[in-house]
1. Any chance you could count how many residues in segment 44-58 are open to solvent by 30 Å² or more (accessible area, probe 1.4 Å) and more than 14 Å from VAL139 (Cα to Cα)?
2. On the basis of being open to solvent by less than 40 Å² (accessible area, probe 1.4 Å), under 23 Å from ARG12 (Cα atoms) and part of a helix (DSSP H, G or I), does VAL98 make the cut?
3. So, in segment 68-83, exactly how many residues are part of a loop (DSSP other than H, G, I, E, B) and surrounded by 15 or more Cβ atoms within 10 Å (Cβ to Cβ)?
4. Being small (Gly, Ala, Ser), open to solvent by 20 Å² or more (accessible area, probe 1.4 Å) and out of contact with any Pro (no Cβ under 6 Å at 6 or more places or on another chain): is that true of ALA110 here?
5. Can you name every residue in segment 91-123 that is more than 15 Å from LEU41 (Cβ to Cβ) and of a type in the set (A, V, I, L, M, F, W, C)?
6. Could you pull out the residue among LEU32, LEU25, LEU65 that is part of a helix (DSSP H, G or I) and open to solvent by less than 30 Å² (accessible area, probe 1.4 Å)?
7. Residue under question is GLU116, and the condition is that it be in a helix (DSSP H, G or I), open to solvent by 40 Å² or more (accessible area, probe 1.4 Å) and farther than 21 Å from GLU15 by Cα; does it hold?
8. Please state which of the following conditions LEU45 fails to meet, knowing it meets all the rest: (1) within 12 Å of the chain's Cα centre (by Cα); (2) of a type outside the set (Asp, Glu); (3) more than 17 Å from MET9 (Cβ to Cβ).
Amino acid sequence: MSSVGDVDMLRRRSEGFMSHAREALRRGEYDLACFFAEQALQLRLKALIFRVLGVLPRTHGVRELLGVVSSALEEIGRADLAEEVSKLAREFRTQLKVLDEAYIASRYLAREYAAEDASESVDLAERVLRLVDRIEGAVFRDK
């Protein structure tokens, strides 16, 4: 299975990116806020997947990572949590696309994000991170 040190490192990096996302939003640096929010989610979801499955996914897309989380939860008999993840992915499909795009746009595209995009991205990232915390609490409370 996964190395505790690796999972902890991914979690710490995720927390750092989330802190930067909040600060960038506060400063009006909307492009960076979206990028940092995406990075926070990407790393935190990878940490969860690594913890559950013992493998680190090679994909970067937040929507795809949410699908992997949902499938992993199904595999370990937690259909209730899998459905919660799937429901969130469906409900916030458009904003998750913005986050996925922020990853690519930060490197290759000349795209600027508005205050509303950044605010929604940071809020959604915080919501998903809270869900991941609940999932870990439910799945690993006995371990």
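1. So the first thing to find is which residues in segment 44-58 are open to solvent by 30 Å² or more (accessible area, probe 1.4 Å), and the list is 51, 53, 55-56, 58.
Narrowing the set further to residues that are more than 14 Å from VAL139 (Cα to Cα) leaves 55-56, 58.
Adding up the residues that qualify gives 3.
2. no
3. Of the residues in that region, 1 qualify.
4. Yes, satisfied.
5. Result: ALA105, LEU109, ALA110, ALA114, ALA115.
6. Details: LEU32 fails: open to solvent by less than 30 Å² (accessible area, probe 1.4 Å); LEU25 fails: open to solvent by less than 30 Å² (accessible area, probe 1.4 Å).
From the options LEU32, LEU25, LEU65, the qualifying one is LEU65.
7. Against the criterion (in a helix (DSSP H, G or I), open to solvent by 40 Å² or more (accessible area, probe 1.4 Å) and farther than 21 Å from GLU15 by Cα), GLU116 qualifies.
8. Going through (1) within 12 Å of the chain's Cα centre (by Cα); (2) of a type outside the set (Asp, Glu); (3) more than 17 Å from MET9 (Cβ to Cβ) one by one, LEU45 breaks only (3).
The values are calculated or read from the model by the stated rules, or taken from the named source; none is laboratory data. From a predicted model like this one, the values you see are computed outputs, not experimental measurements. Virtual Cβ from ideal backbone geometry, glycine too; neighbours counted across all protein chains shown. Only protein heavy atoms, including side chains, enter the accessible area calculation; ligands, DNA and RNA are left aside. Shrake-Rupley method; radii C 1.70, N 1.55, O 1.52, S 1.80 Å.
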